[in-house]
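Colleague: Before anything else, here's the structure in question.
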Amino acid sequence: MSRIALGTMTFGGSGTAPWNVIGGLDLKAADELVGIALDQGVNLIDTADMYASGETEEILGKILKGRRRDVVLATKAYSRMGAGPNEVGLSRLHLRNAIDDSLRRLGTDHIDLYQIHAHDHLTPLDETLAALDDAVRQGKISYVGTSNTYAWQLAKALGVADLRGYPRFVSLQAYYSLVGRDLERELLPLVNEEKLGLLVYSPLAGGFLSGKFTRDSQDASGRRAQADNPPLDRERGYDIVDALRKVAERHDVGVARVALAWVLAQRGVTSVIVGAKRPDQLHENLAAVDLELTGQDLAELDAVSALPLEYPAWALNGAYPSRTP
């Protein structure tokens, strides 16, 4: 997989909130972005059935006609796709329908990476994994992944898959940024221990780390100004932006490029998913793979964004002798 992946949440939904705020791009504009990404070596494109209520997958399917073999195509399921009681979740019934619907909208006979978008507390894990196993055996999907799960849920799923002989989750798609490092507490160690791929979404924290937000200046037109998501501590965030700006000045690049390069430099990160509304935004994001941060850069950014210790880390930190020689 390419180190940068193209996210498609900005495709479609021009007349429907919140998609019109997130992007609302039509077929022509979306096709231009996909073309730029492929020309720059991106081979992973990520989408989800819920994006613009399926319109995003339809747009992407049209764009990829004749270019399907050029990409690793990833999509997701869990969210409500209709009014019925079985049009949401991870039951065998919903997954079977969701997979077939995504295949139809995407205009393909298989999905390379099929990810569950969240944990379903109402469906037995065995049922979900068995349904995914069926789809793999039928050739409809090649690999399975997960997203937005707690570490214990992911660990349990891996254990059940090993016990039953189901396909293991090969990847976790999760939020990770300089202002959102919660992943490092439990999920990142698990990902590294189990050798899973880590696909990072929202590495710029919904635009907060784009360089357009400071204590004295706010971008009133951006997604972050209209939808304050992912949540963050603003004052801490502004300190991080200040540190990013100093590093960016040393390298003569933009703040966003440094923020992306920091995520790419973290152990365990396989690919960083970036979205864009305009070609210039995409070009700037793609350039992050060529920015090599120095030890000083990383140390400064780590220090200003470090998480406070939580239990049991503070209890174990230095209190017990290491057994490492």
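The values are calculated or read from the model by the stated rules, or taken from the named source; none is laboratory data. This structure is a prediction, so every number in the text was calculated from the model and none was measured. Methodologically, a virtual Cβ is constructed for each residue, glycine included, from the backbone with ideal geometry; neighbour enumeration extends over all protein chains shown. SASA here: full protein model, heavy atoms, side chains in, ligands and nucleic acids out. Shrake-Rupley method; radii C 1.70, N 1.55, O 1.52, S 1.80 Å.
Colleague: Here are some residues: Glu193, Glu235. Which one is under 21 Å from the mean Cα position of the chain (by Cα) and not in a strand (DSSP E or B)?
Modeller: Values: Glu235 fails: under 21 Å from the mean Cα position of the chain (by Cα).
Only one candidate qualifies: Glu193.
Colleague: Is there a residue being at pLDDT below 80, in a loop (DSSP other than H, G, I, E, B) and over 22 Å from the mean Cα position of the chain (by Cα) anywhere in region 222-230? Even if it seems obvious, please write down each step before you answer.
Modeller: At the first step, the residues of region 222-230 found to be at pLDDT below 80 are 222-229.
Subset that is in a loop (DSSP other than H, G, I, E, B): 222, 227-229.
With over 22 Å from the mean Cα position of the chain (by Cα) added as a condition, the list becomes none.
No - not one qualifying residue is present in region 222-230.
Colleague: Additional query: Within region 199-216, count every residue that is closer than 30 Å to Ile116 by Cβ and not aliphatic (A, V, I, L, M).
Modeller: Here is the first cut: in region 199-216, the residues closer than 30 Å to Ile116 by Cβ are 199-210.
Adding the requirement that they be not aliphatic (A, V, I, L, M) leaves 201-203, 206-208, 210.
Number satisfying all stated conditions: 7.
Colleague: Search region 261-291 for residues being open to solvent by 40 Å² or more (accessible area, probe 1.4 Å) and in contact with a strand residue (DSSP E or B) (Cβ under 9 Å, 6 or more places away or on another chain), and hand back the single one that is farthest from Asp302 (Cα to Cα).
Modeller: The extreme case among them is Lys277.
Colleague: Still on this model: Of the residues Ala157, Ala131, Ala174, only one is under 16 Å from the mean Cα position of the chain (by Cα) and either assigned to a loop (DSSP other than H, G, I, E, B) or among the hydrophobic types (A, V, I, L, M, F, W, C) (or both); which?
Modeller: Working: Ala157 fails: under 16 Å from the mean Cα position of the chain (by Cα); Ala131 fails: under 16 Å from the mean Cα position of the chain (by Cα).
So the residue among Ala157, Ala131, Ala174 that is under 16 Å from the mean Cα position of the chain (by Cα) and either assigned to a loop (DSSP other than H, G, I, E, B) or among the hydrophobic types (A, V, I, L, M, F, W, C) (or both) is Ala174.
Colleague: I'd like to check something: does region 241-260 contain any residue that is open to solvent by 20 Å² or more (accessible area, probe 1.4 Å) and touching a Phe, Trp or Tyr at 6+ places or on another chain (Cβ under 9 Å)?
Modeller: Residues of region 241-260 open to solvent by 20 Å² or more (accessible area, probe 1.4 Å): 242, 245-246, 249-254, 257.
Restricting the remaining residues to those that are touching a Phe, Trp or Tyr at 6+ places or on another chain (Cβ under 9 Å) gives none.
No - not one qualifying residue is present in region 241-260.
Colleague: Can you confirm whether Arg185 is surrounded by fewer than 16 Cβ atoms within 10 Å (Cβ to Cβ), closer than 30 Å to Gly159 by Cβ and out of contact with any helix residue (DSSP H, G or I) (no Cβ under 6 Å at 6 or more places or on another chain)? Don't jump to the end; show me each part of the working.
Modeller: Values: surrounded by fewer than 16 Cβ atoms within 10 Å (Cβ to Cβ): yes; closer than 30 Å to Gly159 by Cβ: yes; out of contact with any helix residue (DSSP H, G or I) (no Cβ under 6 Å at 6 or more places or on another chain): yes.
Yes, satisfied.
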